[in-house]
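Below is one structure; the comments refer to it alone.
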């Protein structure tokens, strides 16, 4: 049951990164592809109907951890208190910028919210990437399951007292920024008409050129920083299918982009992200939060909740997922296709 919940929580986090990832990526790429106020409004309209619904997956994943892995929930939410507060403020800033941008027809007003939309989107990606890197690297867990991370210490990932930021976590954060920025650019290319669509498509190609280097460096660094990664893959070689799928998604994304098949390029980007996260989950399993001292690591066994709670929770989780899936299918179906300046209500500006 614990392994099943490990997979289900991973599924929800993957759904969040794939779905809200293109919202964040659209914000991060906006200043580089939008040449006019109309372009910026078009980008906001492309994500307007779905951005807040996409964030439900993050809330659902956090709520699920509460009853499936309560010790992990308590340790992670207290230990990562500082970055979580920063993320909370960035989420609020991003939401406010989307909702208020079109309320007053004034260039200065619009420019302020556009800047906040870009900054909060880019920084959210960076902090999410750094958080993932901290989980992969390991944290300074004590014997009682508690820890606290400063924003930075000595920038050494091998330190016995690591900080949130070091050269490894910054590298993974930049990799995440590159991956999700290209993901967002591809989504904008799917949803908007030319010439904005063409600029987004070209931007995705440029970013993916950078991502080749970042993905390679990030992969090598992860194998060096966390020895458990090599143990996982070489003890269970079938897990190499996940990195292979990531390569397939990467190559397919570029090929479809060159053929101007934006929809399949976007689906390939989704495959890449899902495969990267699956590779990370496989690499640390059965660990859930590695510790600098391996004896204090949280695993699916010692962080797991009661069997009764997990069993009852599974029933309600299935019901909730059916309702959520129905909502998402109807929403994306309703707003399918390219948008125009008159296709959505004024409130989505």
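Tabulated values for the structure
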item	result
Span from the segment 223-251 Cα centroid across to the segment 67-108 one, whole angstrom	31
Binned Cα-Cα distance frequencies in segment 255-307 - 10 Å width, integer %	22, 29, 21, 15, 12, 1
Shape metrics for the chain, restricted to C-alpha atoms - Rg then Dmax, Å	20.2, 61
Mean residue ellipticity (222 nm) of the chain, computed from DSSP H runs ≥ 4 via -39,500 (n - 2.57), nearest 500	-25000 deg cm²/dmol
The chain - percent relative contact order, Cα under 8 Å, separation 6 or more	26
Label-to-label distance, nm, for residues given as residue 1 and residue 142 (7 Å Cα→Cβ offset)	3.1
Largest-first principal axis extents, alpha carbons of segment 305-344, Å	52, 15, 11
Percent breakdown of C-alpha pair distances by 10 Å bin, ordered from the shortest bin, for segment 1-128	12, 40, 28, 14, 5, 0
Contour excess over end-to-end distance, with Cα ends at residue 336 and residue 308 and 0.36 nm allotted per residue	6.0 nm
Directionally averaged projected area (convex hull, Cα atoms, segment 191-235), nm²	4.6
Extension reserve of the residue 82-residue 115 stretch, reckoned as 0.36 nm per residue once the Cα distance is removed	9.5 nm
Relative counts (whole %) of C-alpha pair distances in segment 223-282, using bins that are 5 Å wide	4, 21, 23, 18, 13, 10, 7, 4, 0
Gyration tensor (alpha-carbon) shape descriptor, segment 232-349, a/c threshold 1.5	oblate
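FYI, it's all coordinate maths here, none of it is from the lab. Worth saying up front: this structure is predicted, and the values here are computed from it rather than measured. Ideal geometry is used to build each Cβ from the backbone, glycine not excepted, and the neighbour counts take in all protein chains shown.
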